[in-house]
1. Restricting attention to the range 99-119, which residues are crowded, with 23+ Cβ neighbours inside 10 Å and within 12 Å of the ligand (Cβ to nearest atom)?
2. Hey, could you check the range 248-265 for residues that are over 15 Å from residue 65 (Cβ atoms) and surrounded by fewer than 24 Cβ atoms within 10 Å (Cβ to Cβ) and say which is nearest to the ligand (Cβ to nearest atom)?
3. Here are the criteria: (1) in a loop (DSSP other than H, G, I, E, B); (2) surrounded by fewer than 17 Cβ atoms within 10 Å (Cβ to Cβ). Tell me which single one residue 394 does not satisfy.
4. Within the range 335-391, which residues are within 16 Å of residue 175 (Cβ to Cβ) and assigned to a helix (DSSP H, G or I)?
5. When you scan the range 216-306 for helices (runs of 4 or more DSSP H) that lie fully inside it, which ones turn up with 3 or more residues that are under 18 Å from residue 73 (Cβ atoms)?
6. If a residue counts only when it is out of contact with any His (no Cβ under 8 Å at 6 or more places or on another chain), surrounded by 13 or more Cβ atoms within 10 Å (Cβ to Cβ) and of a type in the set (Val, Ile, Thr), which helices (runs of 4 or more DSSP H) contained entirely in the range 1-98 have at least 3 such residues?
7. When the range 217-228 is examined, which residues are found to be surrounded by 24 or more Cβ atoms within 10 Å (Cβ to Cβ) and within 16 Å of the ligand (Cβ to nearest atom)?
Amino acid sequence: MKLSTKALDIKPSSTLAITAKAKQMKADNIDVVGFGAGEPDFDTPDHIKQAAIDAMNDGFTKYTPASGILPLKEAICKKLEEDNNLLYKPNQIVVSNGAKHSLTNTFMAILNPGDEVIIPAPFWLSYVQMVKIADGVPVIIKTSKENNYKATIEDLKGALTNKTKAILINSPSNPTGMIYSKDELKMIADFAVENDLFVISDEIYEKLIYGEQEHVSIASFNQDIYDRTIVINGVSKSYAMTGWRIGYAAAPAEIAKLMGNMQSHASSNPNSLAQKAALAAIDGSQECVEEMKIEFDKRRNYMYDRISKMPYISAIKPQGAFYVFVDLQDVIGKKFNDEVIEDANIFAKILLDVEKVAVVPCTDFGFNTHFRLSYAISMESIEKGLDRIEKFLNTLE
Ligand SMILES: Cc1ncc(COP(=O)(O)O)c(C=O)c1O
C-alpha cells in the first residue's frame, strides 16, 4: 500500500528523541546529564494547578467553544494590550493545543501549495516540518555568528521570490537566545509590508529575557504590519506548563476564523481544565515568572562563563529563552580515539556514549557545526555536565 508522500517526508523531532534517550538511560540507572530539555524543570505554580482542580470539581469537563473559552480569550487580549501594545478582540484569538498547534494552524490557514516561507537558520526544528505539512516550501537563510545569528535585510532580499508568502521570526530565539532589537524588527516589518508578505512572530519565550533588552512585538509598529502578522504565544515556557498544552495565535479576524474552523474539525477545543489553568496563569500574579527568571539567569551566567573558558568551543551570551548555542567549528576535524568528529551529530553521539552527557546537535536546526545546551535543568546537573564536557574536550586530538 502506498502511504502519503507528504507524511513520509516529515522527520520526527530529534530533540524529543534525544530527551527520550537520556530519560531512558536515567531509568536504566545510568548517571546521565541531559541538556536536551526544552521545558522548565520547575513545577507548575500552585495557583495555576488549583484553578484546574477547581474547574474539575465544578464540572467544567465538557466541550468548550472550539477556539477557546471567552474569558481566556479576553485575558489574552488584555495581556497583549498591556505587555505588547497590541489591540485584539476575542474573535482574533485562537487557543490551541500548545503553540506548536497554533503554528501548524497558521501555516495551514495562509499557505497554498508551493508558497515559500523564509526561515532564518538556526531555527527551532519544527518550523520546517510544519511548513511542509501545510504544503509550503521552507526557504532557509543562514545567518552569521557575526550578526548574532539574526537575519539581515540583505539575507531576506536574497531569499525573496515571487512565491514568497511569509517570514518566520522567533525572538527570543530557540536555539540561540538572541533577541531582535526594535530597529531590526522595524526593518523586517517594512520589508514585509513592501513585499506583501505575512510575518509569523513566535514570541513564546517573550517573558524569559535577561538584562536590559526588551521584547517588542513586530505587529505593534503600525496598522500595515499588524494586518499581516500572526503572533504566536503560549503558557508552556513562561509558566512551566509544557504538559498542559495551551498555546494561542492572535491574528487578523479573517485568518483567525480559518484557523478556528480547521481546529473545530481536527481537534475541537483544547482541554477544558487546561484552559482554566491558562486563564489563572495569564490573568494572575506574574511573580512566579519573575522567580523562575531569576533562577534561569543565574544558570545562564554560570553556563556562559564556563563555556567561554573551555577549549575549542564558544558561544554568544544568550539574552533570552533558556538555551546556549555552542559553536563547535574548532572541534570539527579533531579525533576522539580514532574517530574523526565530522559534525555536531558525531560529537553528540560520542559525548553521550563516553561521558553520558546528552546535548542537542543542531543539524536539524540548520547548523551542523553547533549544539544546544538547555539550562532548564538544576544547577547541580549543569555543573556536573559541564565538567564532563570540559573533560571530554581535553581528550580530543
Ligand atoms: C520556539 C518555540 N516555539 C514554539 C514551541 C512550542 O511550544 P508549546 O507547543 O509547548 O506551546 C517551542 C517548544 O519547544 C519552541 O521552542
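1. 99, 101, 102, 103, 104, 105, 106, 119, listed by residue number.
2. Result: 255.
3. It is condition (1) that residue 394 fails.
4. 344, 345, 347, 348, 362, 363, 364, 365
5. The helices (runs of 4 or more DSSP H) meeting that bar are 253-266, 272-283.
6. In the range 1-98, the matching helices (runs of 4 or more DSSP H) lie at 14-27.
7. Looking only at the range 217-228, we keep the residues that are surrounded by 24 or more Cβ atoms within 10 Å (Cβ to Cβ), and these are 218-219.
Residue satisfying the conditions is 218 alone.
Yes/no per residue for (1) outside any loop (DSSP other than H, G, I, E, B); (2) surrounded by fewer than 24 Cβ atoms within 10 Å (Cβ to Cβ):
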site: 168; (1), (2): yes, no
site: 176; (1), (2): no, no
site: 186; (1), (2): yes, yes
site: 193; (1), (2): yes, yes
site: 207; (1), (2): no, yes
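Values in this text are rule-based calculations from the coordinates and carry no lab data. None of the values given here were measured: they were computed from a predicted structure. Positions of Cβ are generated from backbone atoms using ideal geometry, with glycine treated the same way; all protein chains shown enter the neighbour counts.
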